[in-house]
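Read the structure below first, then the notes.
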Amino acid sequence: MDFQTIVSPSSGTGSGVFPTLVFVQGNDQRIINLDHSPFGVGRKVDKDLVIADPRVSRDHALIVSENGVFSVIDQGSKHGTFVNGVRVERKTLERNDRLEFGVREVAYVIFNPQHGTTNSAREFLSQISGMHISDETTDLEKLVLFLEAARKLNTIGVLDEILMTLLDVTLKLTRAERAYVFMKNDQGELRLAAGRNSKGEPLLDDKTISHSILDDALKSNSEFVLTDTSRSVDLTGRKSIVAYDLRTVICVPLRKPQVQATRGAEVPVPALAAEAMGALYVDSRFASRDISGVSNDILHAIATEAASLIENARLVQAEEASRRYQQELSIAASIQQRLMAVTIPEVPFAKLQGRNLSCKEIGGDFFDAVNTEQGLTIVLADVSGKGVSAALLASTLQGMIYSQLTAGMPLTDIVTAVNRFFTHKHIGEKYATVIIARIRDNGDVEYVNCGHILPLVVSNGEVQRPAHGNLPVGLLPDAKYESDHCQLKPGDRFILVTDGVTEAENARGDFFEDSRLELAAKAGTLDQIFTAISDFCGGTPLNDDCTVVDLMYTG
Amino acid sequence: MSLKIDTRQANGVTIVACSGRIVFGEEATMLRDNLKRILGSTRQIVLNLSDVSYIDSGGLGTLVGVYSSARAAGADIKLAGLGQRLRDVLQITKLVTVFEVYDSEQEAIATFHRGAA
């Protein structure tokens, strides 16, 4: 039997799904996607639906769609087109309408479009499973139909609905009294995920089921376990079976579908080795609901298909979660970009430029410039690590330093306070390298370097790297900080970089290094430094943010 | 994973030899977890870094973090066999003033015994 693709949830019909036609001819039946209009029906082989019967005209009828409304139009057929037993020329179609084309009874079509936007996945699934299908269709075929449909449903958040529908279908097929799905949590413990009884009521309590059979089924290597208590002699340890008079229990471990490497003509290994991710449990108490006769084929189908169904739904959920996370990240990244966007103060004695080249991941670099009575102060910091936590810490750090700078605090006091704050808060292994430099109109630069890459002082075409330094902030609570001074002449430059610059890598895994940085700084401007970095890296993406701040004393 | 960690005993001192890169992420996490586990049973550790080609800011943070908690618990971690790049990093960050750094593993082990004698 040929089951065709049923659903495309992303189709543009507005209903979320294409309407379907169920074509029944004798014992044969097909589900056809009504995914285009007009849809031709007739005896000619080029028709969308070909009915090979002499009573069907060659061009018998068309099914057309106008603004989401479907109609059948007879094409002057000899034996007529019928909707629900009435001969029509043209008729708007309603859900479950029965269409006949010339030939009556032997072949017919059920029109079953999906209406409205309230169509939940569950509704859809139950429509599929409860669809009017000829009585000749076996239970197994119905199940396969349902599973096929469900697997194609990649709608977000349908896991619960899939579980519920799975239970309903299982109850219907096995005629059992109660059905439950258990899923393993992260700790590997089985937790009730969904439960239903044959009346369609939810079951929220799993106390009255046989947990020993559930455990056995999970530990065993079998595809499913069927326990008929009327034939079982030894019920020791099966407390629930005795207490609740359970007559038949079926337990199907759900195993993650495994991709098997096929090796030559070897018999494929059944996917039993995989650890169960959960179990489907079905039981009955009454003799009248004897389920021990349930076909093994049905249990086999449930066992192999249900797990992949659930796994798919889970993957979809995980994807959605990661999409949301990505969204959060991009918000964080844009916040960081705004923090990096510094309005550079204009001062008569110096020219300041700063630029940041972001890597894909959010980093913890920041740059700031504040003009106060004491002079023009620049701040460059790099919080260890990457990601949102680094960016958060960077913005906290930036705020603290900014407020203390505007309050006119001495540079060493600022970094001491920041260090105390960070170590006091026990931020863990996160710390920051910071350099704060303040230039006065006489060319005197006071700076405090806390574990940061040494600044470059470019004077008369020569590069100096003043070696003064302190511990980074946030590592040790009792760290002491000292500042140093250097004197700039007009035209001299004081250049600060983050380690993303010196550790920029090329394809061979070499670093840009201090030597190349010094050459580039000596040769030219900020732009030329960045050109040198990108020339060196070639196409190799940056691992870390690159920030360069170039301060020139103009006198 | 670009970090490999080997642990062995020498004269009552635990030698933790690292090779590869100590960087933010699973490498730094692995180093921290290993050292924390070792600190459960020993007070004297020599971290041999002679085969470490690179340590980034995150890896350095991990190193200091583990070092601080070891000191707080009365244990000691000494560093040995640092390459030029690692020396530079410790110099720039002034962490040379925090860690005890030795040229070779043997020298580091010997200082533990001198202290005990």
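The values are calculated or read from the model by the stated rules, or taken from the named source; none is laboratory data. This structure is a prediction, so every number in the text was calculated from the model and none was measured. Note: ideal-geometry Cβ built from the backbone for every residue, glycine included; neighbour counts use all protein chains shown.
Of the candidates A:259, A:269, A:294, the single residue that is exposed (fewer than 11 other Cβ atoms within 10 Å of the Cβ), at pLDDT below 70, part of a loop (DSSP other than H, G, I, E, B) and aliphatic (A, V, I, L, M) is A:259. For segment A:338-352, the candidate set comprises residues that are surrounded by 15 or more Cβ atoms within 10 Å (Cβ to Cβ) and at pLDDT 90 or above; within that set, the residue that is farthest from the chain's Cα centre (by Cα) is A:349. Scanning segment B:66-104 for residues that are under 13 Å from the mean Cα position of the chain (by Cα), at the interface with another protein chain (Cβ under 9 Å from one of its Cβ atoms) and crowded, with 19+ Cβ neighbours inside 10 Å gives B:66, B:95. Would you point out which residue out of A:524, A:500, A:461 is crowded, with 21+ Cβ neighbours inside 10 Å and modelled with pLDDT under 90? Selected residue: A:500, the only one of A:524, A:500, A:461 that is crowded, with 21+ Cβ neighbours inside 10 Å and modelled with pLDDT under 90.
Every residue, every condition in (1) closer than 23 Å to residue A:467 by Cα; (2) touching a strand residue (DSSP E or B) at 6+ places or on another chain (Cβ under 7 Å); (3) assigned to a helix (DSSP H, G or I); (4) hydrophobic (A, V, I, L, M, F, W, C), yes or no:
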| site | (1), (2), (3), (4) |
| --- | --- |
| B:54 | yes, yes, no, no |
| B:70 | no, yes, yes, yes |
| B:74 | no, no, no, no |
| B:78 | no, yes, no, no |
| B:85 | yes, yes, yes, no |
| B:110 | no, no, yes, yes |
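If I ask for residues that are away from every other protein chain (no Cβ under 14 Å), out of contact with any Cys (no Cβ under 9 Å at 6 or more places or on another chain) and either touching a residue at least 60 places away in the same chain (Cβ under 8 Å) or under 20 Å from residue A:385 (Cβ atoms) (or both), which ones from segment B:35-62 would you list? Once the filter is applied, which keeps residues that are away from every other protein chain (no Cβ under 14 Å), out of contact with any Cys (no Cβ under 9 Å at 6 or more places or on another chain) and either touching a residue at least 60 places away in the same chain (Cβ under 8 Å) or under 20 Å from residue A:385 (Cβ atoms) (or both), segment B:35-62 yields B:44, B:46. I need the full set of residues from segment A:423-479 which are within 14 Å of chain B (Cβ to nearest Cβ), touching a strand residue (DSSP E or B) at 6+ places or on another chain (Cβ under 6 Å) and hydroxyl-bearing (Ser, Thr, Tyr), in order please. Answer for segment A:423-479, where residues must be within 14 Å of chain B (Cβ to nearest Cβ), touching a strand residue (DSSP E or B) at 6+ places or on another chain (Cβ under 6 Å) and hydroxyl-bearing (Ser, Thr, Tyr): just A:433. Among the residues of segment A:1-53, those identified as part of a loop (DSSP other than H, G, I, E, B), of a type in the set (A, V, I, L, M, F, W, C), at pLDDT 80 or above and surrounded by fewer than 18 Cβ atoms within 10 Å (Cβ to Cβ) are A:45, A:52.
Going residue by residue through segment A:526-546, is there one that turns out to be within 15 Å of residue A:454 (Cα to Cα) and of a type outside the set (A, V, I, L, M, F, W, C)? No, every residue in segment A:526-546 fails to be within 15 Å of residue A:454 (Cα to Cα) and of a type outside the set (A, V, I, L, M, F, W, C). How many residues are surrounded by fewer than 20 Cβ atoms within 10 Å (Cβ to Cβ) and in a helix (DSSP H, G or I) if we restrict to segment A:366-392? Matching residues across segment A:366-392 total 4. The set of residues in segment B:44-61 being modelled with pLDDT under 90 and not β-branched (Val, Ile, Thr) consists of B:53, B:54, B:56, B:57, B:58, B:59, B:60, B:61.
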